[in-house]
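Right, one structure below, let's go through it.
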Amino acid sequence: MRLIHQINLAFGALLLIVLSLTGVIIHYVLMDHFVGKQRDDMTAIGAAIQQRMTVAPPVTLPADLKITAGVAIPVNGVEAIISDADGNVLSEYTPVHTAGKTQLVEAGSFTEATSLKEIWNGSDSRYLVDIQPIPQGKLTLITPMSQIKEIERALLERFLIVLCAAGILVYVASLIITKKLITPLIKLKSELKKVKSRQFADVQLIKAGGEIGVVAETVHELAVELDRYNRVQKQFIQNASHELKTPLMSIAGYAEGIKDGVFEGEGARKGLEVIISESGRLSKIVTEMTLLAKLDSEEDIFKAEPVTVEEIVTETVERINPLLLAQDIKLQVDYAEDKIAGLRILADKDKLLQALLNVVSNAARHARTEIRIKVGVVEGQIRISVEDDGSGIAESLIPQLFHRFVRGKDGDTGLGLAIARAIVERCGGSIAAGNGKAGGAVISIKLPSAA
């Protein structure tokens, strides 16, 4: 059964139960009200009779007594009976009533077959009784319950008609509202099927309000991100194939040439050097690809611990110095001493060190004479920026600089900065690239302080 039908059926059943309970409650409330009101009226009638009674018979009830007694509901058949203490009707008094005898009998009024004692002790539920003491004995006022039930039934029927009409209107309104709520869900289900079949680019944003709208926006954002990730993965596979194919072709070509005797002597020696160089490059690419895959998928590869900023920067400088000395490049480190001293970062020390080495190594390939590392605190975060005095980064390359296999001029594998970004993001930070005022490249890393 479709969801919309389930909701409509459940709401209809709930509405029926509520209307039934309401009808029962109204029935008892009306009966209680009418019975209570009639008792009050009968008490008033009894008091009026007591005031008009005289010692000598006969006693008759004026025709206008019902009105002066304040009867609020048109219940006919209030019968007054005067009896002694044993329940015997006193014959010297005329039985009085407010309606004709025929009407009372037809309505189920007092008859000779009914004993006054049974009425007094409440064993006869057909009558509503009010008993008042008088000097002659007892004044018993009797009203048949059938009269009250008839009026209550007529009024209850009107109430039920109104309730049923209101229930129908509410149910129709619920059908409209349910359709309005369910339609976006049905459309969202269709879009989720596209996600299931990996048609991420075809997923449309479903417009809806409330929580359904939030879910629809989340699904659309998920599809956009999956589409981007899918395209990046395809591009990564293509680039990886190309990057792996180039060294493999060099290795295979020189190996076959040496085997077939094409390269001999000095040529064979150079061929072996190329094979060794390309094998090392191939091994480096595979190692970096494996590290990237682990950073993306494995949680336990990253073991965070507090490490001071000065410690990580100092070790980076020590490791990169031999490369810089060989290229005759100076390295300068600037600390904001009043803010940096003692600050720590929650990170995997070895991984963060590798990220900084990748960034500084990238700067070394493009710097002319100098690299500057600046360490400070910006907006509550620790900022480490690496600047070089090279020609800078092409503006068209900046948005893709940290993607895999994206290489600038004189680039290496195209994975170093991608690895740096993955590590920095695992530390809860961010990395960005740009050009300085002097024209050189600036790569900035922001990391949260472990305090």
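G280 - would you say it is in the same structural domain as E370 (by TED's automatic domain parsing) and over 21 Å from H366 (Cα atoms)? So G280 fails the test. Is it the case, given these coordinates, that A208 is surrounded by fewer than 16 Cβ atoms within 10 Å (Cβ to Cβ), over 26 Å from F405 (Cα atoms) and in contact (Cβ under 8 Å) with a residue 12 or more places away in the chain? For A208, the condition - surrounded by fewer than 16 Cβ atoms within 10 Å (Cβ to Cβ), over 26 Å from F405 (Cα atoms) and in contact (Cβ under 8 Å) with a residue 12 or more places away in the chain - is not met. Checking the structure you have, find out if any residue of the range 329-337 is part of a loop (DSSP other than H, G, I, E, B) and in the same structural domain as G440 (by TED's automatic domain parsing). So far as the range 329-337 goes, yes, one or more of its residues are part of a loop (DSSP other than H, G, I, E, B) and in the same structural domain as G440 (by TED's automatic domain parsing). Among the residues of the range 262-271, not a single one is in contact with a helix residue (DSSP H, G or I) (Cβ under 8 Å, 6 or more places away or on another chain), in contact (Cβ under 8 Å) with a residue 24 or more places away in the chain and small (G, A, S). Scanning the range 305-339 for residues being under 42 Å from the mean Cα position of the chain (by Cα) and surrounded by 17 or more Cβ atoms within 10 Å (Cβ to Cβ) gives a total of 2.
Contact annotation: residue pairs with Cβ atoms under 8 Å, 6 or more positions apart or on different chains, pairing a residue in the range 128-154 that is without any contact (Cβ under 8 Å) to a residue 60 or more places away in the chain with a partner that is surrounded by fewer than 18 Cβ atoms within 10 Å (Cβ to Cβ) and part of a strand (DSSP E or B), are K138/I131; K138/Q132.
Please go through the range 198-216 and give me each residue that is farther than 14 Å from K187 by Cβ and part of a loop (DSSP other than H, G, I, E, B), ordered by number.
Listed by number, the residues that qualify are R198, Q199.
Annotation note: of A326, A364, A293, the sole residue that is closer than 20 Å to R407 by Cα and at pLDDT 85 or above is A364. Tallying residues that are assigned to a helix (DSSP H, G or I) and surrounded by 15 or more Cβ atoms within 10 Å (Cβ to Cβ) within the range 256-267 yields 2.
Looking at I182, is it aliphatic (A, V, I, L, M), part of a helix (DSSP H, G or I) and at pLDDT 80 or above? Spelling it out, it is not the case that I182 is aliphatic (A, V, I, L, M), part of a helix (DSSP H, G or I) and at pLDDT 80 or above. With respect to T290, determine if the residue is loosely packed, with under 11 Cβ neighbours inside 10 Å and on the phi < 0 side of the Ramachandran plot. Judged against the criteria, T290 is a match.
The values are calculated or read from the model by the stated rules, or taken from the named source; none is laboratory data. What you see is a predicted model; the values in this text were computed from it and never measured. Cβ coordinates were reconstructed from backbone atoms using ideal geometry, including for glycine residues, and neighbour counts include every protein chain displayed.
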